[in-house]
Structure formats: structure tokens, C-alpha cells
Amino acid sequence: MLVDRGQPSKSRDSEAPCCFQTSGVQSCTLAGCWSYRHRFWHPISCRTSIQVTFPWKPGAGSRRCVVVVVASELCCWRPSVMDTRCFANPFCDYKGSLLPAQSIQTVVPIVLASVDKVLKKVPVDISDCDGGLYDGPAGVAYMLYHVSECPLFSDQRDLYLKTAKHIIDLSAECADAEPDKNMRAAFLLGGAGIYAVAAMIYKSLGLADFVKPLSRFRSLWEVCAPIRFLECGSDELFVGRAGYLCAALVLKQKLGIEILSKEQIKSICQAIIESGRQYARRKRKPFPLMYSYYGTEYLGAAHGLSSVLQMLLSYQDVLSGMERDLVWQSVDFLMNQEQNCNWPVELGAIIERENELVHWCHGAPGVAFLFAKAYLINKKPQYLDTCIRCGELVWQKGLLKKGPGICHGVAGSAYVFLLLYRLTGNSKYIYRAQRFAEFLFTEEFKTGSRSLTSFCSLFEGLSGTICFLVDLLQPDQAEFPLFSVFV
Ligand SMILES: [Zn+2]
């Protein structure tokens, strides 16, 4: 599991605190010794440096490695120049115990108070139903559904579900009235997501009527099957085919039934693959599948390659051997685009360390979910290692100044830790998520973060944060909202 990524250089204060700065090779200082020392950074423990000595004499043939473990505690090390997009992480790393202040007794009342705040502000009028799940009242309905599913909130379950139904009914009415059928097929910004969440809420209330929104959702597959159904780009997560597949995946998970037939899924996956092949060929890309959205070749989860590939992996059973090969080649291609634990917003861009985006929407916190899915399917350690490196970057630079949300806020960062906890079982990641939750309630965060324009929003506002706090109470089941990799 050793990865030669060098050691962090404490002396280079202007560098971001990534664990994996490249270090040079030092020759041994002992007189007469020809060995060279490399310092490796262990990707799992991260804070343990391991010194590896290569006895190496000129002309001595092949090298033999002697591994010497040198304990090196760099707790709380921070650079003097910090990224302007995030707060400096003030916390020491995990020392073997979780935070007692984050107990059920403390967090449940915080969740209840936060839900009350959202309910006081959420518009419940059909004229205010724009924004879909991402930004509209429908996202609040999903949050209420999510909280009501947690046994710790059983006393509030009926009230939350009834309120959720009221909100989602208005949202569905709004979606029904949408004249553009392509927008009705959109997941996070349109009707498909609203119908999906309506079916979940109805099912949870025990209403047989859940088949109505479900039928509306199912009927949309025909809309997004044609290869170029959207001018702006037909394949990404928010409005494109990957989103439709993602909604179907979450619905299958929550309702426990097949949502689309194998043939329907296959036709959508094939359209995604054909679209990506045509684009890559047309633009002379040196790899098999690529996409663009409004002319930009995004790589991250929001509109980019990573969530498209994540969906293709989620449905890889319907793909032919050749199609599967194309998908896995593309996964490995994207893995190779990593720059110091992160991915640029768009293909070919160079990341500026002091100004990099470490968001779920753009960057490592979203891309991590693709590699988690890849690891869950084939158990290859390089995919888990990639996720772990994402987590290290998020620990350093994930206390974002753009609010508490899940798209480009602190809760979105913390979901990477909950993902890593589920992949590794390592309690360190629960601890890190707890620290991020703690930070949300500090004065430093309240005064230093950008004010919220979408207070109630599932992705940018408090509703996503509430989902995160609930998931932190049940980390064995935690999943980024509506973006499951454990189906
Ligand atoms: Zn975002």
C-alpha cells in the first residue's frame, strides 16, 4: 500500500498542506554509505512517515529495499499562507476517540431547530416552486423525508412527511405545467427529480398513489433516450441522462422495486456511451469518452465526466464487454488527471494551489464518489487510495467559506469522510466529519462565510446540512443526498 508521493515540505510555507508534495532523494549522510533515502507518505494513516532505504552501490545490480518506519507526528501542522476559499483547519486529527459533544442528545435538538428554521422560510406557493431539488422547495421536501426515515426522529415523522407531501405536490404541479418536456426530464433542476421524491414520500406515507408520480418518472425515459436531446449537453447529472439514471438508482434503493426495464436502462446507457464516443472522436481526444456542458469539458460531479462514469458503472450489468471496457478506460483516464489530490474543473486546466476548487460540484469531494463506486465493484486498491487522497485534501481544505451546504459548502466536504468511513470502517473519518459539523456552529464560520442566498436549498442551503447532521448520527447508512454509490 506504499505510494511514492514524497513528503510534505514544512519549510515551503507557501505550499498548500497536501501530504503528497514531491520530495527529492537524499543521499545518506553516513561516511562511506551509498544508500539513498526516500521518504514516503503513507496514504492510509497519512501522518506516519515511512523512511525507505535503498542500499545502492554503483554497479551493484538490482536494488534491495529496507523499510524503516519512523514515527513522525505532524498534528495540526498548517501552512502560514492559506487558501482564500477555505478556513484553515484548526483541529488536531483523530487520536482514537470520537467527540462526546456530538452525541445524539446534543445533535437531535440541533436538527429539530434547524428544520424549524427551514420550515419558517420555505415558500409554499405554486408560484415559488422553481429550482427543482437543487434549489427549490422540492429539496426541502426531500430533506423532511430523509429526516423522517431516521428512527431518532420518529416523533416528528408524521408531521414531517405530511409537510413534505404538501410541498412536493405543489412542486409536481409546477413540473406538470412545464411546457418544455426536456426540462421535465431533468433530475436536479426539473421534473424527474420531483416525481422521484414524490414517489418516495408517498410510499413512506403508505399511499398506494405512489405509482402516479412513479409512472410520470418512468415515462420520461423516452425523452432523454435520443442521443442529442439537449443542445447544451445531454449527458450530465443536473439535467441530462446521468441525472435520470441517478434518480432511477435512488428510487430503486428507496422503494425496493425495479424502476426501469433492463432494455430501457440499456438504451439510455448506450446513448451516453455513443454520445461520449462521438464527442471524443470529433474533438480528437486521446481517450474514449468525453462530454461537454455549455461548451465546457467539466470533470467533476456537478456537470462533468465523473458523475457520468459513476452512473455507467452503477449500471454496468447492462453493458456489453466492449462498452464496459470503454467505461473502465475512461475511469482510469480520469484517475490520471489528478493534480495533487484534486481534479481541475475542466479537462486540461492546471490547478492553482492557492485558488483551487475543493467542492463536491467541482473537484475531489465529488470525484471521490466515482472512485468509491469503482472500488466497490472491483476492489482494486488504487481506487480506494484515490478516495483516501481526496479525503486528505478535504481535511486540509474542506472548511469552505461558501456556506454550510452540500454542493460547495462544509457539509458537502464532510460527506467525503462519511463515504470513507463506509468504505474503510475507520473511525477517524467519523471524527473528521464530527469536527466539520462542529465548525459549522463556530463564530469563525458564522462571521467568515458567505451569506446564504438560498437559505432553504438542499444543495446550497440548510436542508443539505440537515441531511448531513442526520447522517452523522447514523454513519453506517450515510449517503450523499440523492447520489448513492451503495446500491
Ligand atoms: Zn457547487
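Read the figures in this text as sums done on the coordinates, not as results from a lab. The model shown is predicted, which means the values in this text are computed figures rather than measured ones. Reconstructed Cβ throughout: ideal geometry from the backbone, glycine too, with neighbour counts over all protein chains shown.
Relative protection proxy for 165-176, 278-289, from highest mean packing down: 165-176, 278-289 (other beta-carbon atoms within 10 angstrom). Across the stretch 360-372, computed HN-Hα scalar couplings (Karplus, 6.51 cos²θ - 1.76 cosθ + 1.60, θ = phi - 60°) run 4, 5, 9, x, 3, x, x, 5, 3, 5, 4, 6, 5 Hz from first to last residue, x flagging Gly and Pro.
The Cα center of the stretch 133-154 and the Cα center of the stretch 241-256 differ in position by 17 Å.
Enter the Cα centre distance for the pair the stretch 196-212 and the stretch 362-403, rounded to the nearest angstrom. Cα centroid to Cα centroid, the span is 33 Å. Structural descriptor for the stretch 273-318: relative contact order 21 percent, calculated from alpha carbon pairs under 8 angstrom and at least 6 residues apart. The stretch 429-443 and the stretch 334-353 have Cα centres spaced 27 Å apart. Shape class for the stretch 184-257, computed from the alpha carbon gyration tensor (a ≥ b ≥ c): prolate, with a/c not under 1.5 and a/b above b/c.
Judged by the mean number of other Cβ atoms found within 10 Å, the most tightly packed of the peptides 108-116, 246-254 leads the ranking 246-254, 108-116. Taking every alpha-carbon pair under 8 Å whose residues sit at least 6 apart, the stretch 314-390 reaches a relative contact order of 24 percent.
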